[in-house]
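Have a look at the structure below, then the notes.
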Amino acid sequence: MKTALLVIDVQMALAHDDAAGAARSCPEASGNIGRLLAQFRTVGDTIIHVHHHGTDADDPFHPDAPGSTVQPFAAPQGDEQVVIKHLSSAFGGTTLLADLRNAGIERVIICGATANHCAESAARSASSLGFDMIYASDAVWAYDATGPDGVTHTAAQIHSVTLANLHGEFGAVHSTDEILAALT
């Protein structure tokens, strides 16, 4: 099955949040994204980087803001495709669907940020569009969040619930080790 790795929103705005002390899950996510990228590059499989560009000048992901820059470990190399999005899902308002279909891609592996926002949106969209979707459980991360009811949820709770929501319903959730073992 022809596979593509989708690397979602690994941009400096999130590194800035980390540096400011934001509580996040899965500190090993960056290293695991790097491992997935290395394997896909070694075998020459399709890698597509998806970057968010906010439309509000005050958005840390605005293309003129330092936060829109890609984190160095996840920077595109060579002719790896970059898709710019302005919505949460990588498929909304972009050429991603057509690009994947034109390349004959049947399966997508999703990693990046954040687990419960844009990475999850891409996973749900990919599944709804008929792709075999694999979500890299330890190559995504979440941050603490407070709901409209005032209840604060830890990053680990949010991460865990995101994985539970996706697995089996929208595709498969596997660790980086499991994904790499299946690819070799």
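The values are calculated or read from the model by the stated rules, or taken from the named source; none is laboratory data. Predicted, not measured: the structure shown is a model, and the values here were computed from it. Note: ideal-geometry Cβ built from the backbone for every residue, glycine included; neighbour counts use all protein chains shown. Just the protein is used for accessible areas: all its heavy atoms, side chains included, with ligands, DNA and RNA removed. Shrake-Rupley method; radii C 1.70, N 1.55, O 1.52, S 1.80 Å.
Remarks
- Stretching the chain fully between residue 145 and residue 182 yields a gain of 9.9 nm (0.36 nm per residue, less the alpha carbon separation).
- Accessible area in the full protein assembly, largest first, 1.4 Å probe, for 173, 50: 173, 50
- Over the residues of the chain, the helix contribution to mean residue ellipticity at 222 nm works out to -10000 deg cm²/dmol, using -39500 (n - 2.57) for each DSSP H run of at least 4.
- The chain: relative contact order as a whole-number percent, Cα under 8 Å and 6+ apart: 27
- Extension gain for residue 167-residue 58 works out to 35.7 nm (0.36 nm per residue, less the C-alpha to C-alpha distance).
- Ordering 123, 57, 27 by Cα displacement along the dipole of region 1-138 toward the positive end leaves 123 in first place; charges were set at the Cβ atoms of Lys, Arg (+1) and Asp, Glu (-1).
- For residue 143, solvent-accessible area (1.4 Å; no DNA, RNA or ligand), Å²: 40
- Only Lys, Arg, Asp and Glu carry charge here, each on its Cβ (+1 for the first two, -1 for the last two); on that basis region 80-184 has a dipole of about 280 debye about its Cα centre.
- About the Cα centre, charge dipole magnitude for the chain (Lys/Arg +1, Asp/Glu -1 at Cβ), debye: 440
- Between region 69-124 and region 2-32, the Cα center-to-center distance that results, in Å: 14
- Region 43-184: C-alpha gyration tensor shape, a/c 1.5 cut-off, then a/b vs b/c: oblate
- Annotation for residue 1 and residue 82: the two label points, set 7 Å from Cα along the Cα-Cβ direction, are 3.0 nm apart.
- Cα-centre dipole for region 1-67 with unit charges at Cβ (Lys and Arg positive, Asp and Glu negative), debye to 20: 520
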